[in-house]
Structure formats: structure tokens, C-alpha cells
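Participant: Provided herewith is a single structure, encoded as C-alpha cells, for subsequent inquiry.
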Amino acid sequence: MQGFIEELIERAKRSKVFKRNKKSLEVKILAGLLYFFGLSLRRASLFMSLFEEVSHESVRKYYHRLKYILKQPRKKGRKFIAVDETIIRVGERRVFVWAAIDVETRECLAIWVSMSRHQFIVSEFIRWF
């Protein structure tokens with residue numbers, strides 16, 4: 001992971017995607033990566049505030065700048081995807097856990113949790129593929 005971040009720092013320096021230098025380049029890249037990997041803007045800014053004060057709006061801007069130097073992943077063509085759901089009881093509530101797998105490779109593609117079960121939820125989940 002260290003080599004990956006160093007490579008991103010070098011790419012950012014070469015391409016000059018960050019115009020101002022109030023915050024260090026490492027903080028900007030790490031904040032953008034935290035959001036890229038799934039943390040919310042506010043949680044990424046809260047985590048980054050342990051090192052240097054960063055607002056959630058700054059994290060959003062860093063991410064949008066950072067996506068110019070990140071390689072976009074290629075979508076893999078899949079022939080068959082199986083989607084299944086199961087019901088889990090959490091206290092007195094019912095929670096629906098959805099899973100999608102590639103039938104040929106048996107690779108888990110996504111897992112999603114919802115509080116209800118209807119066509120809109122299924123169509124939103126399937127739209128990712």
C-alpha cells in the first residue's frame with residue numbers, strides 16, 4: 001500500500017491536479033482515497049482530522065481532483081449473475097441481506113442490506129451490474 005500511495009503522490013506532482021498547497025499532498029490523497037474506498041465524506045474528514053483539520057467539502061474536492069490520476073477499473077463482462085436474499089432477525093426487526101455472485105467463477109460481486117423487500121430495492125441492487 002505504501003508504494004501505491006507514493007506512486008499517486010508522484011502522479012499528482014507531475015500532473016499538478018492540486019493547485020493550492022495549504023494542506024500536504026499526502027493528506028489530500030489519503031482523504032480522497034478514503035472516500036473512494038467507501039467512507040462517507042464526513043467520516044473521511046473526521047478520520048483525517050486526527051492528523052490535520054479537513055472539512056467534508058475539502059474531501060469532496062480532493063476526491064474529484066484525484067479521480068483524474070486514478071485509473072478507472074475495467075468492467076468485466078459476465079454471462080450469468082445470481083441474486084439471492086435472506087432474512088435475518090436483529091432484535092425484533094427483520095433485515096434483508098442481498099448477495100450477487102458470478103455463476104461461472106463463484107465470485108461474490110456485492111452484498112447489500114435493506115430494511116424492506118420490494119421490486120424497487122431489487123432493481124436498484126441489480127442496476128450496479
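The values are calculated or read from the model by the stated rules, or taken from the named source; none is laboratory data. This one's a predicted model, so the numbers in the text were calculated from it and none came from an experiment. Every residue, glycine among them, receives a Cβ derived from its backbone with ideal geometry; neighbour counts consider all protein chains shown.
Participant: Do the conditions hold for GLY38, that is, is it without any contact (Cβ under 8 Å) to a residue 24 or more places away in the chain and not in a strand (DSSP E or B)? Even if it seems obvious, please write down each step before you answer.
Facilitator: Working: without any contact (Cβ under 8 Å) to a residue 24 or more places away in the chain: yes; not in a strand (DSSP E or B): yes.
Judged against the criteria, GLY38 is a match.
Participant: Kindly check whether there is at least one residue in the range 69-80 that is modelled with pLDDT of 85 or more and over 26 Å from ALA31 (Cα atoms).
Facilitator: Yes, there is a match, as at least one residue in the range 69-80 is modelled with pLDDT of 85 or more and over 26 Å from ALA31 (Cα atoms).
Participant: Kindly provide the set of residues from the range 81-116 that are part of a loop (DSSP other than H, G, I, E, B) and either touching a helix residue (DSSP H, G or I) at 6+ places or on another chain (Cβ under 9 Å) or within 24 Å of GLY38 (Cα to Cα) (or both), ordered by number.
Facilitator: The answer is ARG106, GLU107, MET115, SER116.
Participant: Also: Identify the residue in the range 64-106 that is touching a strand residue (DSSP E or B) at 6+ places or on another chain (Cβ under 7 Å) and small (Gly, Ala, Ser) and, among all such residues, is farthest from LEU8 (Cα to Cα).
Facilitator: Within the range 64-106, the match that is farthest from LEU8 (Cα to Cα) is ALA82.
Participant: For residues that are over 21 Å from LYS76 (Cα atoms) and under 20 Å from the mean Cα position of the chain (by Cα), tally how many sit in the range 105-120.
Facilitator: In the first step, residues of the range 105-120 are kept if they are over 21 Å from LYS76 (Cα atoms); the result is 113-120.
Within this subset, residues satisfying the condition of being under 20 Å from the mean Cα position of the chain (by Cα) are 113-114.
Residues flagged as over 21 Å from LYS76 (Cα atoms) and under 20 Å from the mean Cα position of the chain (by Cα) within the range 105-120 amount to 2.
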